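Everything below concerns the one structure shown next.
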C-alpha cells in the first residue's frame with residue numbers, strides 16, 4: 001500500500017472511532033520527525049500526538065548537570081559529552097559557560113571517541129557524560145568494559161542513564177489519558193518489542209513499535225487506530241526491518257554486565273522506581289560518582305517559570321508556557337526542552353506555526 | 001537521541017568496521033553485532049552498529065525512500 005493509501009485508512013479509522021484519541025510518541029526523535037515531515041498536519045482532527053519524556057537531555061535533572069559542570073571546572077579533567085548537553089542551563093551555569101571560563105570540554109559523536117581521548121591524554125581524567133536511553137547505553141557499557149580490560153584508569157562515566165518502560169508506566173499512572181503508545185524504534189532494537197508486553201497487558205494499552213520515516217509513522221498510527229477501533233491492546237512491530245521481539249541480546253547482556261537498575265529522578269516527573277542505571281561495583285574504578293567525591297555543587301534549583309516537566313508528561317504543550325518564544329528561545333534557552341535537538345519546545349519553535357498550532 | 005543510519009560494512013578489523021553511507025566512509029564499532037561480515041548492512045547509532053539488516057530490509061527501506069522522494073518531487077501535501 002502506498003503512503004496515500006495508509007493516510008486514507010488513518011482517516012477512515014479515525015472517523016469510525018469518532019471520539020478524541022491521544023497517541024503518545026514517547027521518543028524525542030519521533031517528536032522531531034513528526035514535525036519535520038508535516039505528519040501532524042495530515043492527522044484527522046480527532047487524533048492528537050502527545051510528546052512524551054523520550055528526550056534524554058530533557059529529563060536529566062539540574063543536579064546531574066551541576067555535578068558535570070563542577071567536574072569540568074577542575075583543572076585535571078576533560079569532560080566529553082554529546083553535543084546537546086553543552087548548552088543546557090543548570091542551576092547556576094552551563095557547560096558552555098564553563099568552557100568559556102577555561103574548562104576542557106570535548107563534544108563527541110560516540111562514547112568510543114571519549115575513550116580515545118582518555119588514551120591520548122593519560123595525565124587528565126576524562127569523564128564521559130552518560131546520558132541516553134537504551135539505544136545509547138550499550139555503547140557506553142562497551143567503553144567501560146574496554147577501559148577496565150585495557151586498564152585505561154583515567155576514563156570514567158558520570159552515569160545519568162535512564163530506561164524507557166518504567167517511565168511509560170509512570171505516565172499511565174498520571175492524569176493525561178493516553179489511548180496508545182507509539183513506542184521508540186531504536187530503543188526497541190535493543191530491548192525488543194516484548195519489553196512492552198507487561199505494560200500493555202496490565203494497562204490494556206495498544207503499543208506499536210514504530211520507525212522514524214514519515215511512512216513508518218503513518219503506518220504506526222494506522223496500526224494503533226485499528227487496535228483502538230477494535231478495542232484491542234497488543235504489542236505490534238511496525239518497524240520490522242530493525243526491531244525483533246527479543247531485541248539485541250548481545251547488547252542487553254553487555255548492559256547487564258556493566259550496569260544495574262536503580263531508582264532515579266526524571267526532570268518534571270520526580271523519582272521513578274527502577275528506571276535508572278548505575279555502574280556495578282565491579283567497574284567502580286570507571287564510575288565518576290566514586291572518583292569525584294569532593295565536588296562543590298550548588299544547591300539544585302529549577303527556573304520557576306519553566307514548565308518542561310509538564311510538557312514532558314504530555315500535560316501541557318510549549319504554547320502553554322509563558323517563557324516560550326519570549327525569554328526561552330533556541331538562542332537563549334531556559335529549559336532543557338528548548339536546547340535538545342529532540343526537545344519538544346525546540347520542535348515547536350522550529351516547526352509549529354503559532355496561529356495554527358496543533359493541540 | 002534515537003537516530004540511527006543504515007550503512008554497508010566494507011571492512012572489518014576485530015571490533016572495528018569501516019561502513020559506507022551514500023558513498024561516505026566512517027568507522028563504527030561492531031561489538032554489539034556478532035557474526036558480521038563484509039557486505040552486511042547495519043544501522044549505526046553514536047558510532048556503534050546496533051542491528052543488522054537483511055537484503056529484504058534494505059529493499060523495503062529503498063522503496064520507502066523512493067516513494068517519499070517521488071511525493072516530494074510532486075510537491076503536493078494534499079491527499
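Here are the numbers for this structure:
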read-out	value
Within 10 Å of each Cβ in B:41-50, the average number of Cβ atoms from other chains	6
Chain A - mean residue ellipticity at 222 nm from DSSP helices (-39,500 (n - 2.57) per run, n ≥ 4, rounded to 500)	-11000 deg cm²/dmol
Region A:308-350: C-alpha gyration tensor shape, a/c 1.5 cut-off, then a/b vs b/c	oblate
FRET E, pair residue A:329, residue A:4, Förster distance 30 Å, beta-carbon r, rounded to 0.05	0.25
Average projection area in nm² (convex hull over Cα atoms of region A:58-187, one quarter of hull surface)	9.0
Average beta-carbon neighbours from other chains, 10 Å sphere, peptide A:242-253	3
DSSP beta bridges in region A:1-306 [antiparallel fraction, %, rounded to 5]	20
Inter-probe distance in nm under a simple model that places probes 7 Å from Cα toward Cβ, at residue B:36 and residue A:22	4.1
Cα gyration tensor shape of chain B, rounded if a/c is under 1.5, else prolate or oblate by comparing a/b with b/c	prolate
Average Cα contact separation per residue, chain A, under 8 Å, 6 or more apart, as relative contact order %	23
Overall Cα dimensions of region A:1-306, principal axis frame, Å, largest first	65, 43, 33
Shape category assigned to region A:165-315 from the gyration tensor of Cα positions, a/c cut at 1.5	oblate
Fraction of antiparallel bridges per DSSP, region A:256-359 only, in percent to nearest 5	90
Sequence-separation-based contact order of region A:308-350, relative, with Cα cut under 8 Å and 6+ spacing, percent	31
Chain B - share of DSSP beta bridges that are antiparallel (%, nearest 5)	95
Packing rank of A:249-262, A:149-162, where each peptide gets the mean count of other beta carbons within 10 Å, highest leading	A:149-162, A:249-262
Exercise: per-residue mean of other protein chain Cβ atoms within 10 Å, B:29-36	5
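No lab work stands behind these numbers, since they all come straight from the coordinates. Please read these numbers as outputs of a predicted model, since none were measured by experiment. All Cβ positions, glycine included, derive from the backbone under ideal geometry; neighbour counts span all protein chains shown.
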